[in-house]
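Okay, so here's the structure we're looking at.
The values are calculated or read from the model by the stated rules, or taken from the named source; none is laboratory data. Small disclaimer: the values here were computed from a predicted structure and weren't measured. Here the Cβ is made from the backbone with ideal geometry for all residues, glycine too, and neighbour counts use every protein chain on show.
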Amino acid sequence: MDKITPQMIEHCRHSQLANVPRALLARAHVSKLAAGSVVFRRGERPSFVHFVLKGEVRLVRYSRPGQEAILQHVRQGYFAEASVEFRQYHCDAVAPVNSLVLHFPIEDFTACIDTDAQFRRAWLRHLAGEVRRLRARCERLSLRGAAERIVHYIESEGTAGTVELRQSRKSWALAVC
């Protein structure tokens with residue numbers, strides 16, 4: 001585990017880390033994960049709030065026969081946000097490719113939410129965006145065909161009617177549908 005550097009944050013193409021207080025960033029550490037690495041397992045007690053800087057992390061659950069269900073697919077940003085308020089993880093987190101993940105100590109993270117209004121507002125905006133994306137995904141899953149799902153994705157997630165795919169079409173289809 002390494003300390004966070006400005007170069008690592010540069011991997012982030014958006015401003016989700018812009019409102020993180022410097023003191024919280026100073027307490028964070030970075031893990032370089034090999035493909036197939038497990039970040040945490042279902043039932044473990046959360047100790048960190050996690051952020052993908054580079055690579056990918058999937059939150060997964062497995063059915064009794066062992067079939068994988070992908071709950072969240074993150075290429076850049078926070079994951080397992082619900083764990084901030086719960087005593088144990090409800091799924092596994094796996095890095096399917098080599099990844100760089102930032103870990104904030106959960107006690108420090110929640111203390112900043114309690115004391116820093118700007119950070120709290122940024123966190124609430126992030127959570128509201130996640131709710132919106134999940135609702136759109138639920139709506140998409142109710143559609144009958146792949147063509148309808150693709151059009152819905154472009155309309156709900158795209159910009160000016162276009163979507164930039166940053167992974168293979170197969171990976172995108174797994175994440176979207």
> Checking Gln72 against (1) touching a residue at least 24 places away in the same chain (Cβ under 8 Å); (2) under 20 Å from Leu17 (Cα atoms); (3) in a strand (DSSP E or B), which single condition isn't satisfied?
Replying inline: (1)
> Just for region 17-34: of the residues that are farther than 16 Å from Phe48 by Cβ and at pLDDT below 90, which one is surrounded by the most Cβ atoms within 10 Å (Cβ to Cβ)?
Replying inline: Asn19
> Looking only at region 126-154, which residues are out of contact with any helix residue (DSSP H, G or I) (no Cβ under 8 Å at 6 or more places or on another chain) and either outside any helix (DSSP H, G or I) or modelled with pLDDT under 70 (or both)?
Replying inline: Ser142, Arg144, Gly145
> Of all the residues that make up region 36-66, how many are more than 28 Å from Ala111 (Cβ to Cβ), outside any strand (DSSP E or B), out of contact with any Lys or Arg (no Cβ under 9 Å at 6 or more places or on another chain) and in contact (Cβ under 8 Å) with a residue 40 or more places away in the chain?
Replying inline: 1
